[in-house]
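The values are calculated or read from the model by the stated rules, or taken from the named source; none is laboratory data. All values derive from a computational prediction rather than experimental measurement. Cβ atoms come from the backbone with ideal geometry, glycine included; neighbour counts cover every protein chain shown.
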Amino acid sequence: MSVLELCDREIAAVPIEASVADAINKMLDHHVGAVAVVDSEYRVAGIFTERDVLRKMALSRTDPQTTPVRDLMTTPVEMATRNTGAGEALTIMLGRHFRHLPVADDNGKLLGILSIRNLLEWRVDDLSRELESLEQYVSNDGPGG
């Protein structure tokens, strides 16, 4: 399964010229913990997350209304592609302690944002189907088997 199929339908992204306040409002509006920061061609320039708010903004005494998001975004950004498998993305995210992973095309154009929540829901569904299959196998076992 492509990770693109697991991404939320609406992509939370802000232009590179946006303020930190714009990025935070976008996260709040979309109920997500990260926004992609994109250039004029919708290529990923960075990612701005809740961690960035806490680590770079909270105690800095900078004004979120006037601080450009480009000053506080995380860059460079590790990204998945439409060819990245769900298991591979989960391994990357767990190993690197990412909660969000942008999905981009070969030119860096944003296609979606994958969250650890998306992957965990996929994995729970996958395990549930596997358990059902095993239960059915055991219950269908004939006499003497």
Checklist entry - What are the residues in region 22-37 that are over 17 Å from Asn107 (Cα atoms), touching a residue at least 12 places away in the same chain (Cβ under 8 Å) and outside any helix (DSSP H, G or I), if any? => result Val32, Gly33, Ala34, Val35
Item to check | region 43-65, residues that are modelled with pLDDT under 90 and either among the basic types (Lys, Arg) or under 15 Å from the mean Cα position of the chain (by Cα) (or both) | outcome: Arg61
Next on the checklist: Under 7 Å between Cβ atoms, which residue pairs at least 6 apart in sequence (or on different chains) link something in region 1-21 that is under 21 Å from Arg117 (Cβ atoms) with a partner that is among the hydroxyl-bearing types (Ser, Thr, Tyr)?
Outcome noted: Val3/Thr84
Checklist outcome for this item: Conditions (1) more than 24 Å from Ile24 (Cα to Cα); (2) touching a residue at least 24 places away in the same chain (Cβ under 8 Å) -> Leu114 fails only (1)
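Taking into account only those residues within region 8-21 that are in a loop (DSSP other than H, G, I, E, B) and under 20 Å from Gln65 (Cβ atoms), which is farthest from the chain's Cα centre (by Cα)? Explain how you work it out, then say what you get.
As a first pass, look at region 8-21 and keep what is in a loop (DSSP other than H, G, I, E, B): 8-12, 16-18.
Of the ones still in play, those that are also under 20 Å from Gln65 (Cβ atoms) are 12, 16-18.
On the way: Ala12: 10, Ile16: 18, Glu17: 21, Ala18: 20 Å.
Among those that are in a loop (DSSP other than H, G, I, E, B) and under 20 Å from Gln65 (Cβ atoms), it is Glu17.
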Checklist entry - Conditions: (1) of a type outside the set (Lys, Arg); (2) over 19 Å from Leu110 (Cβ atoms); (3) assigned to a loop (DSSP other than H, G, I, E, B). Val53 meets all but one. Number of the miss? => result (3)
Checklist entry - When Ser40 is evaluated against the numbered criteria (1) within 14 Å of the chain's Cα centre (by Cα); (2) in contact (Cβ under 8 Å) with a residue 24 or more places away in the chain, which criterion, by number, is the only one it fails? => result (1)
Checklist entry - Could you give every pair whose Cβ atoms fall below 7 Å, whose first residue belongs to region 46-57 and is touching a residue at least 24 places away in the same chain (Cβ under 8 Å), and whose second residue is in a helix (DSSP H, G or I), counting only separations of at least 6 or pairs across chains? => result Gly46/Arg70; Phe48/Ala23; Phe48/Val69; Val53/Ile24; Met57/Val20
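Within region 84-111, restricting attention to residues that are among the small types (Gly, Ala, Ser) and either without any contact (Cβ under 8 Å) to a residue 24 or more places away in the chain or over 30 Å from Ser40 (Cβ atoms) (or both), which residue is surrounded by the most Cβ atoms within 10 Å (Cβ to Cβ)?
Applying the first criterion (among the small types (Gly, Ala, Ser)) to region 84-111 yields 85-87, 89, 95, 104, 108.
Imposing the further condition that a residue be either without any contact (Cβ under 8 Å) to a residue 24 or more places away in the chain or over 30 Å from Ser40 (Cβ atoms) (or both) reduces the set to 85-87, 95.
Working: Gly85: 12, Ala86: 19, Gly87: 14, Gly95: 8.
Applying the filter and picking the extreme gives Ala86.
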Checklist outcome for this item: Of (1) surrounded by fewer than 14 Cβ atoms within 10 Å (Cβ to Cβ); (2) under 13 Å from the mean Cα position of the chain (by Cα), Leu131 satisfies every one except (2)
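Mind telling me which of the residues Leu120, Leu114 ends up being crowded, with 20+ Cβ neighbours inside 10 Å and under 21 Å from Val32 (Cα atoms)? Please lay out each step first, then the result.
Values: Leu120 fails: crowded, with 20+ Cβ neighbours inside 10 Å.
Being crowded, with 20+ Cβ neighbours inside 10 Å and under 21 Å from Val32 (Cα atoms) holds for just one of Leu120, Leu114, which is Leu114.
Scan region 63-83 residue by residue and report those that are under 14 Å from Ala21 (Cα atoms) and surrounded by 14 or more Cβ atoms within 10 Å (Cβ to Cβ).
Residues of region 63-83 that are under 14 Å from Ala21 (Cα atoms), as a first pass: 63-73.
Answer for region 63-83, where residues must be under 14 Å from Ala21 (Cα atoms) and surrounded by 14 or more Cβ atoms within 10 Å (Cβ to Cβ): Pro64, Thr67, Pro68, Val69, Arg70, Leu72, Met73.
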